[in-house]
DNA sequence: CGGCTGTTTGATGAGTGTCAACGAATGTGG
DNA sequence: CCACATTCGTTGACACTCATCAAACAGCCG
């Protein structure tokens, strides 16, 4: 691992990468919901049954593929540490990064519909993830209402996110909206909303946001010049959280 | 109802509006899935239990609101005839048409996550819809695995649709992609893929696609000039289905 | 040190939003 | 059923954002 990335991950003498920006078991989307912008555990004994079927903390190297488009859908995955990306390939062969995942998030929902993954998921940098056999989860959901509800609510949440992100945005707003979303996610899990690791390359981010690499670079430059936020050494620093809202409401 | 709209709805001496482009009970997304581009009934006795909790065929006048942002989430709805639109209002107060629904589709999934609808749904023109009490459906899903699976698969399908629609498109491709989607939906339900009612105003469609009204108008004009498709009297006619793919793959 | 890969900067043009005006279609009230 | 008002769609001129192309620069790796 490079020095800058270590720094990005908040690596120092006291904190190891995996203990800093990681997700504790029981704190992922499966077992928590958002109350007042914070993730809190769902108050249900049954839901802990999930822990028994999860295979925890599998390591992934940079660019390692977790699952591929077309493969039989067998598992859901949660991010334990690091960041992952899901990629959709259209019939022109162009790749589009559909989602970028941080610790605690669940990956693989698009495979449920017909039993095949419809995207490819890769590790952005080295990280770790948990493996959830879907069939077992599905059976648990049929035994425990709380789990069934959690599953349905997670998917409903994802649908809502997509609905909202369809809004009209210019380049600056697209970027700010994305950063704000990640900031909220980190905050909801007890990390700083103003500073967090960001190992995503600008190429990937530009692709995800539907912008040219050059436009994204220029947009970052403007936001830094205006003292709104900064990307340095694979770490985002937000100087002015309120300014983010202002930009989105212009 | 206006004369042109009657025509659009295929209204003549022999066919009533409601019998032409309507959805038969048991043929909506809840009870069918897609096999070879066609909707077929899910082979399961239990799933018919849904019919017992559905309240069928409620009339809706043009612009009638089915549910509103912020209201407690109590029901899902399926379109029986006509078209409906879901609207999301951002914090600038701007309205964005998130989805446009045709007969057989289910509305209201975004309310599951926290018990409140997050969008507003309105009838585009007069139509009819069915009402499904969510709590009862939820309990049925807990009793019958087939129903639980159907629910999860429907939501997975919707997630996939959003993921894919995030692709990079120019104005022409946005329009063609949308029309192709509607065409597929009609086809999958046994109607013509080449000609179907289209009561959506260009203002609404432009809003939905994230285009200016003028750009949409010019795009329709180009597609007509190139003998690809035509919008007339609230009816879409596709001259060349293959051309749609060509446009999307350019 | 040299070769990648990722990022930045500048110049240019295509696509699309905006403004303005008009025409067509639809709805309303007398 | 007609006259008017209103909404909806079309067309042209123009401005602006952003993609594209080209090239240089910076960081990282062997």
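Note the angle between two axes, namely the Cα long axis of helix B:171-188 and the longest principal axis of the Cα atoms of chain B, as a number of degrees from 0 to 90, rounded to the nearest 10.
Tilt relative to chain B: about 50 degrees.
So how far, in whole Å, is the C-alpha centre of region A:119-166 from the one of region A:45-101?
Answer, in whole Å: 10.
Using the 7 Å Cα-to-Cβ label point, sort the distances from residue B:212 to its equivalents in the other copies shortest first and give them in nm to one decimal.
Values, ascending and in nm: 2.0.
Can you give the helix-only mean residue ellipticity at 222 nm for chain A, where every DSSP H stretch with n ≥ 4 adds -39500 (n - 2.57) and the sum goes over all residues, rounded to the nearest 500 deg cm²/dmol?
Mean residue ellipticity at 222 nm (helix-derived): -11000 deg cm²/dmol.
Return A:125, B:33 ranked ascending by Cβ neighbour count within 10 Å, so the fewest neighbours appear first.
With the sparsest Cβ surroundings first, the list reads B:33, A:125.
Beyond 12 Å, what share of the Cα-Cα pairs of region B:92-139 is found? Please give it as a whole percent.
73 percent
How many partner chain Cβ atoms sit within 10 Å of a residue's Cβ in peptide A:218-226, on average, as a whole number?
Going residue by residue through A:218-226 and averaging, the value is 0.
Can you give me the C-alpha center-to-center distance between region B:205-250 and region A:20-34, rounded to a whole angstrom?
First find each Cα centre; the distance between them is then 45 Å.
Starting from a Cα-only point model with no solvent, please compute log10 I(q)/I(0) by Debye for region A:130-232 at q = 0.13, 0.22 1/Å.
After summing over all Cα pairs, the log10 values are -0.65, -1.20.
Please report the relative contact order for chain B, taking Cα pairs under 8 Å with a sequence separation of at least 6, and give it as a percent rounded to a whole number.
Value for chain B: 21 percent.
What do you get when you divide the Cα radius of gyration of region A:33-141 by 2.2 N^0.38 Å, with N the number of residues?
Cα-based Rg divided by the globular estimate yields 1.12.
How far apart, in nanometres, would the label points at residue A:214 and residue B:36 be if each is projected 7 angstrom from Cα along the Cα-to-Cβ direction?
Placing both labels 7 Å beyond Cα along the Cβ direction yields 5.0 nm.
Between 0 and 90 degrees, rounded to the nearest ten: what's the tilt of helix B:145-165 against the longest Cα principal axis of chain B?
Long axis of B:145-165 versus the principal axis of chain B: about 30 degrees.
Under the √(5λ) rule applied to the eigenvalues of the Cα gyration tensor, what semi-axes describe the equivalent ellipsoid of the protein assembly as shown? Give them in Å, descending.
Semi-axis lengths for the protein assembly as shown are 39, 28, 20 Å.
Efficiency by 1/(1 + (r/R0)^6): what FRET value for residue B:227 and residue B:194, r their Cβ-Cβ distance, R0 = 22 Å, to the nearest 0.05?
For residue B:227 and residue B:194, the calculated efficiency is 0.95.
Using mean Cβ contacts within 10 Å as the protection proxy, how do A:210-221, A:108-119, A:155-166 order, highest first?
A:108-119, A:155-166, A:210-221
Just tell me how shielded B:163-170 is by partners: mean number of partner chain Cβ atoms within 10 Å of each residue's Cβ, no decimals.
Per residue, the average neighbour count from other chains is 6.
Just tell me how shielded A:101-113 is by partners: mean number of partner chain Cβ atoms within 10 Å of each residue's Cβ, no decimals.
For this peptide, the per-residue mean of nearby foreign Cβ atoms is 3.
Using a label point 7 angstrom from Cα along Cα-to-C-beta, what distances in nm, from shortest up, separate residue A:230 from the other copies?
Those separations, rounded to one decimal, come out as 6.2 nm.
Could you state the per residue volume, in Å³, of the convex hull enclosing the Cα atoms of chain B?
136 Å³
Could you pull the copy-to-copy label distances for residue A:41, with points set 7 Å along Cα to Cβ, in nm to one decimal and sorted shortest first?
Between copies, matching label points for residue A:41 lie 4.6 nm apart.
For helix A:134-143, what angle does its Cα long axis make with the longest principal axis of chain A, in degrees from 0 to 90 and rounded to 10?
60 degrees
Any read-out appearing in this document is the output of simple, stated calculations on the displayed coordinates, not a laboratory observation. All figures in this text were calculated on a predicted structure; none of them were measured in a lab. We place every Cβ from the backbone using ideal geometry, glycine too, and count neighbours over all the protein chains shown.
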